[in-house]
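Remarks on the structure that follows.
All of the numbers you see were taken from the coordinates with simple rules; none came from a lab. Source: prediction; values computed, not measured. Here the Cβ positions follow ideal geometry from the backbone for every residue, glycine too, while neighbour counts run over all protein chains shown.
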Amino acid sequence: MEYNIHNKENSEAIQVYLVNKSDLDNNHHKKLLEELKFQGNFKEAAFLPESKMLFIGLTLKPVTANFDDYFQVNPMQLGAAAYKALSKYILKDIQIDFLSEEIGSKQESRQTFLSDFMLGFFQASYKFDKYLKAEEEAKKELNIYLSKPLSELATANLIQENKILNASLNFTRWIVDDTPENINPETMPKLIRAELEHKPNISIKEINYQQLQELGMEGVLFVGRASPYKPVLVHTILKPKGEVKKRVALVGKGITFDSGGLNIKPGEHMKTMKTDMAGSATMFGVIKTLAELGLQNTEVHWISAFAENVIDGSAYKPDDILTTYSGQTVEVFNTDAEGRLTLADALAYATMQNPDYIIDAATLTGACPFALSEYFTGLMGNDKTLISDLEATFVSNGEPTIVVPMPEVLREYVKGDISDLMNTSKGQIRSGHVTAGLFLSHFVDQNLFRNPKLNLREPKAYKWAHMDIAGSAHNEGRNNVGAKGATGQSVKSLVKFIQKQDN
Ligand code: BES
Ligand code: ZN
Ligand code: ZN
């Protein structure tokens, strides 16, 4: 949906009032609210079509238990609730008005509230309608008006950032929702160029099939071998406006379709595996946003290996042993544990950029949503400060994330017998998201590397965070803001995280 934000009032527009419990007694709609039995509870909605008024409750319950804060302090959900209450009607002009004074006393938190509310509203309107021609023809345009105290909060910068972030979230969601016919290792590099190449301070390197062979990236090569689309690794660099003081490497899993390979997935599990590139789509959205907003002193590297995990006579097999870019060998126990093989090469490649820290996002294991539910990202890593800083950012941005411990006792389960590592855990270890995380950790510690071609004079263990987004990136049943399908979850937090560190 196209939209414009106007910093002025429009009394003809639908009025959206955000109401706190404490406002119920003290405003000019008191009588009406009493008749409606409106309590002001969080996400409570009452719409009066004749008088064009929508009331949305915003009273937060006191936080009583761990993790509940994600769902209580989230203005995006309020925005989404407002959209849902109005979505049956033809939306054209909407005015947002807070009866409440309690959305935070600080200017900054009030601004964040307003911005997130609008983002939630727009994100709730997202629909993957590429294959619904009729709807595409009926392209909607929406005007948002802001009433007095709000228009003072909505600076040009805030509106601009909001639009950029919303467009990036839509973009990430769109390419996750799009089909494997359209999104594959051949089209992804083209899409990256089309979207980013013309932006300032961006450069794009493609490591093609032959170069993957020369570099010895058998993790990517084996997984992508049976597809008519040759695997490729794309490395995008965003330079800051000023001097480089910090370097961040973002790595995203880019399996454009995961059939499981020879360990083929049963039908009901294979459906939705077009979303197995959501990690790369997430990082795509992050770097797109940062390129449009600009950074002062942080250089951002985004690295994704794109491959399609399918079969023909050339497919890689259980029992194969491959040598990764790091030089560590991996025995294949299950061709459906392919993500960690391509990530092994992408992560080792990321260390070669000498970043201050590495963050990866991957739809890595079915075990993760099994353990944490579809709402939560599983956050792991090897650096306490990085993990807790990231966690704090996810909490304050209302993107559900749970820190998952990676106990060292489990490491032996990914160690190989006739190879350095194996791609599934031996024995009956059911927490597959943890052992997958432990597997990946071997590729951010250069002390374990043994590829002589890398010429590592001072091998280093890199700070690294891993996000298992198998549940949170895409969901058939629910979504952070309501719609089915791709969520775009994590893009916003990662953008804010990198912006915050950029000084
Ligand atoms: N892409 C899947 C993980 C996945 C499952 C993502 C459900 C989104 C929703 C991954 O490649 C996979 O198949 N993992 C296996 C690993 C196993 C064979 C060790 C899994 O989780 O079952
Ligand atoms: Zn798989
Ligand atoms: Zn996969």
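Above 20 Å, the calculated P(r) of segment 265-398 contains 57 percent of its Cα-Cα pairs.
To the nearest 0.05, how large is the calculated FRET efficiency for Lys37 and Ser11 if R₀ is 25 Å and r is the Cβ-Cβ distance?
Working: r = 26 Å, r/R0 = 1.05.
Efficiency, rounded to the nearest 0.05: 0.40.
Using 0.36 nm times the number of residues separating Asn143 and Leu158, minus their current alpha carbon distance, what extension gain do you get?
Details: separation 15, 0.36 × 15 = 5.40 nm, distance 1.64 nm.
The span from Asn143 to Leu158 would gain 3.8 nm if fully extended.
Site pair Gln353 and Lys484 shows an inter-label distance of 3.6 nm when each label is modelled 7 Å from Cα along Cα→Cβ.
Between Ser314 and Arg193, take the C-beta separation as r, use R0 = 22 Å, and let me know the FRET efficiency to the nearest 0.05. It would help to have the intermediate numbers written out before the result.
Details: r = 28 Å, r/R0 = 1.28.
Working from the Cβ atoms, E equals 0.20.
The trypsin sites (Lys or Arg not before Pro) of segment 434-503 that DSSP puts in a loop, and whose beta carbon has at most 11 other beta carbons within 10 Å, are Arg457.
So if the hydrodynamic radius of the chain is defined as the Kirkwood radius over C-alpha pairs, what does Stokes-Einstein give as its diffusion coefficient at 25 °C and 0.890 mPa s, in µm² per second?
Details: Rh = 23.7 Å.
Translational diffusion coefficient: 104 µm²/s.
Could you work out how far the C-alpha centroid of segment 402-442 sits from that of segment 189-257, in angstrom? Going from one Cα centre to the other spans 27 Å.
Remark: the Ser51-Ile418 segment gains 124.7 nm on full extension, using 0.36 nm per residue and subtracting the alpha carbon distance.
In this simple spin-label approximation, Lys384 and Tyr89 carry label points 7 Å from Cα along the Cα→Cβ vector, and these lie 5.4 nm apart. The alpha-carbon atoms of segment 230-314, seen along their principal axes, cover 50, 25, 16 angstrom, with the largest extent given first. In straight-distance terms, cross-link reach from Lys31 covers every one of the lysines whose alpha-carbon lies under 17 Å from its own, apart from those fewer than eight places away in the same chain; here that gives Lys21, Lys52.
For the residue pairs Lys317/Lys463; Lys463/Lys492; Lys265/Lys453, alpha carbon separations beyond 27 Å are given by Lys317/Lys463; Lys265/Lys453.
Our estimate of slack between Asp129 and Lys271, defined as 0.36 nm per intervening residue step minus the Cα-Cα distance, is 49.2 nm. FRET efficiency for the pair Thr179 and Asp25, taken as 1/(1 + (r/R0)^6) with r the Cβ-Cβ distance and R0 = 35 Å, rounds to 0.05.
Calculate for the chain the 222 nm mean residue ellipticity that helices alone would give, adding -39,500 (n - 2.57) per DSSP H run of length 4 or more and normalising by residue count, nearest 500 deg cm²/dmol. Present the calculation step by step, with values, prior to reporting the outcome.
Working: 17 runs with 169 residues, N = 503.
Calculated at 222 nm, the ellipticity per residue is -10000 deg cm²/dmol.
Database remark: amide H of Phe306 closer than 5 angstrom to the amide H of Val232, Leu233, Val234 (H placed geometrically; neighbours at sequence offset of 5 or more, or on other chains; Pro and chain starts carry no H).
In this structure the amide hydrogen of Leu18, modeled in the peptide plane, comes within under 5 Å of the amide hydrogens of Ile56, Asp97, Phe98, Leu99, Ser100, none closer than 5 places in sequence on its chain. Name all residues of segment 335-353 having a backbone nitrogen under 15 Å from the label point set 7 Å from the Cα of Asn455 along its Cα→Cβ direction, giving them as ranges. Counting only backbone N, you get 352-353.
Take each of the peptides 115-128, 200-213, average the number of other beta-carbon atoms within 10 Å over its residues, and list them starting from the highest.
Details: 115-128: 23.4, 200-213: 14.3.
Answer by packing, highest mean first, reads 115-128, 200-213.
Here the Karplus curve 6.51 cos²θ - 1.76 cosθ + 1.60, taken at θ = phi - 60°, turns the phi angles of segment 88-95 into couplings of 6, 9, 6, 8, 9, 10, 9, 10 Hz, with x standing for Gly and Pro.
Taking a 28 Å limit on the Cα-Cα distance, which of the listed pairs Lys92/Lys130; Lys245/Lys496; Lys84/Lys148 fall beyond it?
Details: Lys92/Lys130 22 Å; Lys245/Lys496 18 Å; Lys84/Lys148 24 Å.
Exceeds cut-off: none, every pair is within range.
The modelled label-to-label distance between Arg430 and Glu243, using points 7 Å beyond Cα along the C-beta direction, is 5.5 nm. Of all aspartates and glutamates in the structure, those lying under 16 Å Cα to Cα from Lys37, and not within fewer than 8 positions of it along the same chain, are Asp23, Asp25.
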